[in-house]
Structures are given as C-alpha cells and as structure tokens.
Amino acid sequence: RFVHWTLYTLFDRENVESVLMQYHHGWSQCLSTQVGCKMGCSFCATGMGGIVRNLLASEMMAQIETAQADHHVRVSSIVLMGMGEPLDNFDNVIRFLQMLGEPGGVQIGMRHVSLSTCGLVDKIYKLMEYKLQLTLSVSLHAPNDEIRSRMMPVNKKWPVDTLLMACRDYARHTGRRISFEYAMVSGVNDTEACAKELVHKLKGILCHVNLIPLNSVPEKNQYRSSQETIHKFKAVMEKSGVNVTVRRTLGADINASCGQLRRQNQIS
Ligand code: SF4
C-alpha cells in the first residue's frame, strides 16, 4: 500500500496539503478546501493558525490533477477532509463538485465523494437542497454539549441536538446515510458513559459511526485513547446495534492528517 502526502505552494505562496492513498479499490485522495481554518477545534493543528483564505474550485481540482500526473495514477475517490471546513467555502466547493463530472475532466462520480463538516447546520440544509449522492461526513466527536463545546467552538452556535436534527433531515431528504466521525481523545470523550449517551442520541438516524484514533497534538495536550478504550467504546455501540468501525490511521502514520503537515513545515 502506498501513501503520498504533498504540500502545495499556491500562487500567493500559501500552502495546503493533500494525501493520496492506495486502497484495494483504487486511489483515494484527501483534499484541502481552505488555507487554514477558522473553526478552532481543540484537537486540530490546522485551526491553530486561523483562516487565511478560501481555495478556488480550480485550486481544489489542481490537487487531483497534480497528484494524477506526478504519480501516474487515476484518482477514483476523494474526501474533502484536509485543511479547512468545506461548508465554510460553500460556493467554491459546489462549483468544484460540479466540475468533477464535466466532460474531459477527472470523471469522479458523486458516490465516490465524501464531504466532511464540523457541523454548520445552515449549510447542511443548503447542501441538502442539491440532493447530491455524496457521503456527508459529520465531525461529531462528543455526545453532549458540555464536552463538544469544549472541543469544538462551533457547538456554541449549533448545539448537538440541533446538529443531529439537521442530520436526520438530511438523511431523510437525500436517502444517503450520514457518516459520523468521532475522534477518540484520551480522558475527554472516550468513556463508557459517552458511548451509551451517543447510542441514545443517534437513535433513528440512518448513519454509520467512524471511531478515529486521534492523531495526537502534544502542544494542545490532546492524546489518542488507548486501544483497549477504543475497543470497549466500539463494543458498547455494537451491542446497541449501531453501525460502527474504527478508521485506519493512514494519515496519522505519516503525520499528515488535519493540517499537521503544514504546521510542521512552518515550524521547521
Ligand atoms: S478539525 Fe476540521 S473544522 Fe476543526 S479546526 Fe480542524 S480543519 Fe477546521
């Protein structure tokens, strides 16, 4: 299996990252949608520098075209999960998604696209109206407002119940299953009580839960939960019939997930 991470320098000398990964079904690429991010999640290195600017649709497309040319591969699926909050750059991201299927373009179908959001509820409803067949991936990371507001400032504007209501509506309206991302942070959101509360909150939502062993951010004192803790958390969810997996940490292995590549480049 191959993993290639790339740091792109843009026309204004800003940098964004992208990660190309080989799976049994083909090549998948994780793309950035903004230079930096203003959402300020506590466990994320990208948010530490704030937002610099939105990427243009053409700059997102260039990440795919460059990867294909450099590595002589065809990218068959993409995840908008690199630097930035895609729904905070709504118009450019929609334009980019439309370009994916244009004649002479990269020809990536919507069913091979995942879009990740930290939970901008108004934009989730706006996206819903496009009825795209992509996978909406929601960074939930906590079962209640007390924990989530500490981890993700966006929760103060869009609390857990409001977000989950939007997800329920989105899944019903589009017929697409929501993918909930849950980064396991040691001592923060990884208790058995959290798992039980999460099960309760997700009842009735067409969804899948992805548990992610955190890519530790030592400067923020945020560390990955132990294997045993993750296993117990997963078991509670499975027992209650929730569809749950533990994500492989390809990005973490090369220290390139969620903006850490750019941070290290700036520091070095
Ligand atoms: S986790 Fe995502 S939304 Fe949160 S600060 Fe990092 S890049 Fe932004």
Note to self: Using DSSP to call loops (not H, G, I, E or B), can you name the trypsin sites (Lys or Arg not before Pro) in region 122-170 whose Cβ has at most 12 other Cβ atoms within 10 angstrom?
What the structure shows: K131
Next item on the list: Give the Kirkwood hydrodynamic radius (Å, one decimal) of region 139-249, defined as one over the mean of 1/r across all pairs of different Cα atoms.
Entry: 14.2
Margin query: How much of the DSSP bridge set in the chain is antiparallel, in percent, rounded to the nearest 5?
Written below: 40
Margin query: Calculate log10 I(q)/I(0) of the chain for q = 0.07, 0.09 Å⁻¹, where I(q) comes from the Debye formula with a single equal point scatterer on each Cα and nothing for solvent.
Written below: -0.23, -0.38
Checklist line | By accessible area with a 1.4 Å probe, ligands and nucleic acids excluded, highest first: order of T162, T117 | finding: T162, T117
Notebook entry, point to check: Per the 1.4 Å probe, what fraction of the accessible area of the chain, in percent, lies on carbon and sulfur atoms?
Noted result: 51
Margin query: Test of understanding: extend the Cα→C-beta vector of H25 to 7 Å, then name every residue of region 61-97 with backbone N under 20 Å from that spot.
Written below: 64, 68, 73-82, 97
Note to self: Probe radius 1.4 Å, ligands and nucleic acids left out: which of R177, R247, R172, R53 has the largest accessible area, and how do the rest follow?
What the structure shows: R172, R177, R247, R53
Next item on the list: Could you go through region 2-19 in sequence order and give the Karplus-derived ³J(HN,Hα) for each residue, using 6.51 cos²θ - 1.76 cosθ + 1.60 with θ = phi - 60°, rounded to whole Hz, and x for Gly and Pro?
Entry: 10, 10, 10, 9, 9, 10, 9, 9, 8, 4, 9, 6, 7, 10, 9, 10, 8, 10
Item checked: FRET efficiency estimate (nearest 0.05) - Cβ-Cβ, E192 to D12, R0 30 angstrom -> 0.05
Next item on the list: In a Gaussian network model over the chain where Cα atoms closer than 10 Å are linked, find which of E102, E17, E181 has the largest mean-square fluctuation.
Entry: E102
Item checked: FRET efficiency, Q68 to R247 (Cβ-Cβ, R0 30 Å, nearest 0.05) -> 0.75
Check: Got a sec? What order do H200, H24, H208 fall in by accessible area at 1.4 Å, biggest, i.e. largest, first?
Finding: H24, H200, H208
Next item on the list: With r as the distance between the Cβ atoms of R150 and F2 and R0 = 35 Å, compute the FRET efficiency 1/(1 + (r/R0)^6) and round to 0.05.
Entry: 0.40
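The values are calculated or read from the model by the stated rules, or taken from the named source; none is laboratory data. None of these values were measured; they are calculated from a predicted model. In this analysis, Cβ positions are derived from the backbone assuming ideal geometry, glycine residues included, and neighbour counts consider all displayed protein chains. Only protein heavy atoms, including side chains, enter the accessible area calculation; ligands, DNA and RNA are left aside. Shrake-Rupley method; radii C 1.70, N 1.55, O 1.52, S 1.80 Å.
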